[in-house]
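> If you scroll down you'll find the structure; I have some questions about it.
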There are 2 protein chains.
Amino acid sequence: MTPPRQRPADRPSRERRRASHSIEAVLGAAVELLDEAGEPALTIRGLASRLGTGVGSVYWYVSGRDDLLDRAVDHVLAGVLAEIERHPGTGDPVDELRRMAVTLFDAVVDRPWLGSRFMRGIDAEGNSLRLYEELGRQLLRLDLTPLQRFHAVTAVLGVVVSAAADLGQEPPQAVVDGLVEREEYLGRYATNWRALDPGEYPFLHDVVDAFDGHDDKQQFLAALDLTLSGLHLQADRGRGPDAPAEGP
Amino acid sequence: MTPPRQRPADRPSRERRRASHSIEAVLGAAVELLDEAGEPALTIRGLASRLGTGVGSVYWYVSGRDDLLDRAVDHVLAGVLAEIERHPGTGDPVDELRRMAVTLFDAVVDRPWLGSRFMRGIDAEGNSLRLYEELGRQLLRLDLTPLQRFHAVTAVLGVVVSAAADLGQEPPQAVVDGLVEREEYLGRYATNWRALDPGEYPFLHDVVDAFDGHDDKQQFLAALDLTLSGLHLQADRGRGPDAPAEGP
DNA sequence: CGGATTATCGAACCGAGTTCGATACTAGAA
DNA sequence: TTCTAGTATCGAACTCGGTTCGATAATCCG
């Protein structure tokens, strides 16, 4: 179905009359576009134009826009993985897990277009899978059942995914437009909340001040810590329930 | 900017020569389309066609596809909210929280197109906000700081969001196409994992059996329990750290 | 009756993904 | 050298879908 992939960059000894590319060049340009203006900015035409080529050429390297996006994600994930793998690995497994999750989160903050796509690659061998393995490996040193380990990794990555979902919906346009409204944009939420009936929305009024000065990273860390302390508890309990289905 | 909204359904006493609609009819048809074939199936033309009208009419009720999607989500959220509000409210706050999260999760399983959009409405008054309030209200009965409460609700909803993200990427096509491959589809993951080098992927081999028979709901419940037990711990500790920034 | 408002409608515009056939370049075979 | 098959490149054109816009009808109100 897909054409046989093979990098043509090996021998550009003689200048070709026509533009010569490579999958790396394509991915690099794609990441550039994504970094500049987010996911919607990645168009086949725009990419071809940046590469100085035609749309047809792009389709020789990737099977479509979706494939392109997946490969771009995998491409930058290589860097994240390198960052994650550069670590002692001797510390407390839970702390290691936290460090890795934070690294991943930081990457998503840098590139919101990673969105929740970074977990889409666990079917095939790739950096998503390696990431998954890397996180899970820490859990091997904990006294848990395999099922518990599987659930734990999913849960930790889930915290990153949900944070990414939050990040991804923030205004890509307002930042580009007026620089003033960035601070005001978030404040408007709080203002709206304060205008609500305290009798009908007691909780919102309770937390509105905390929300007003909220920091995405703190929020993420708090959620992560809840999951990790739950995990710690589970590990200390020494294989409690959960593993096999004992109910009906 | 947007035309003043006002339901015209109040007085259809006399039959009009031209088709007459209402925002409810539009939303109902939109939900139908979404339920039938997922998010990509919601097209303005398709919706107009189902309503027996033209595309222009749709734009009188909604400002665009995004708005339409948001309203459709809010529309079905009303039902979820009703389900959530029908409860004693006397039990353990954490248990109540779990029950609500599960209800929400079930709704997302039913309608994967809810995706992670159901948290997009917390700026304006709507069912998203009410949901948020409803969840958070349970936390008022726990000994936590407002910031801790805020983080806790976000964390719990985050578990649902990440589960929704998982659900949303499953094959909408394969189910429609061959009914045979549903079971095989998930099994392929496990098969691929088993084919990997155990030395390079020790964790994957450790959990592959657990993964093979994995159940989305169990997975969600496990992640939820980790967060909730972390929360329980935090509440029992009686306002530990987290609230003010004490570090540098 | 006569504007003003409320609604309805679809042709047309536009951007974007994808397809396809034409073409060029290269490496080997004859 | 010439032929040929495989490797790459290229952009016109097709399709689909969101959105705009002006025409038109129905209704309300003075």
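> Copy-to-copy spacing for B:E125, label 7 Å out on the Cα-to-C-beta vector, in nm, shortest first?
Sorted ascending, the copy-to-copy spacings read 5.9 nm.
> Shortest first and in nm to one decimal, what separations exist between A:L140 and its copies in the other chains, measuring from label points 7 Å along the Cα-to-beta-carbon line?
5.0
> To continue, here is another question. Under a crude label model (7 Å from the Cα following the beta-carbon direction), how far is B:A195 from A:A82 in nanometres?
2.9
> Rg and Dmax of the stretch B:26-79, using alpha carbons, in Å: what are they?
10.1, 29
> What is the spin-label model distance, in nm, from B:L140 to B:L233 if the labels are put 7 Å beyond Cα along the C-beta direction?
It is 2.9 nm.
> How much accessible surface area, in Å² rounded to 10, belongs to the heavy atoms of B:H21 with a 1.4 Å probe?
30
> State the three equivalent ellipsoid semi-axes of the stretch B:89-236, derived from the C-alpha gyration tensor as the square roots of 5 times its eigenvalues, in descending order and whole Å.
33, 21, 12
> A further question follows. On a 1.4 Å probe surface of the protein chains, which of A:D216, B:D236 comes out largest in accessible area, and what is the full order?
Descending order: B:D236, A:D216.
> Moving on to the next point. Label position 7 Å from Cα toward Cβ: report the copy-to-copy distances for B:E24 in nm, one decimal, ordered from shortest.
The projected label point of B:E24 is separated from its counterparts by 6.3 nm.
> Let me ask another. As an exercise, use a Förster radius of 51 Å and the Cβ-Cβ distance of B:T90 and A:Y59 to find the FRET efficiency, rounded to the nearest 0.05.
So the FRET efficiency works out to roughly 0.25.
> Still on this model: Using a 1.4 Å probe on the protein heavy atoms only, what accessible surface does B:D225 show? Give it in Å² to the nearest 10.
We get 70 Å² for B:D225.
> With every protein chain left in place and a probe of 1.4 Å, what is the accessible surface of B:R111, to the nearest 10 Å²?
For B:R111, solvent-accessible area is about 70 Å².
> Right, something else. Taking 7 Å along the Cα-to-C-beta vector as the label spot, tell me the B:A124-B:T43 distance in nanometres, rounded to one decimal.
The answer from the label model is 2.7 nm.
> Once phi is turned into θ = phi - 60°, what whole-Hz ³J(HN,Hα) does the Karplus curve with 6.51, -1.76 and 1.60 give for every residue of the stretch A:110-122, x standing for Gly and Pro?
Once θ is set to phi - 60°, the couplings for the stretch A:110-122 become 5, 10, x, 5, 4, x, 10, 6, 5, 10, 8, x, 6 Hz.
> If the chain between A:Q218 and A:D67 were fully stretched, how many nm would it gain, using 0.36 nm times the residue separation less the Cα-Cα distance?
So the extension gain works out to 51.0 nm.
> Continuing with the same structure: Please work out the FRET efficiency for the pair A:R50 and B:V109, using the Cβ-Cβ distance as r and a Förster radius of 51 Å; give the result to the nearest 0.05.
Efficiency, from the Cβ-Cβ distance: 0.80.
The values are calculated or read from the model by the stated rules, or taken from the named source; none is laboratory data. If you're wondering where the values come from, they're calculated on a predicted model, not measured in any experiment. Positions of Cβ are backbone-derived with ideal geometry, glycine not excepted, and every protein chain shown enters the neighbour counts. Heads up: the accessible areas ignore ligands, DNA and RNA and are worked out on the full protein's heavy atoms, side chains in. Shrake-Rupley method; radii C 1.70, N 1.55, O 1.52, S 1.80 Å.
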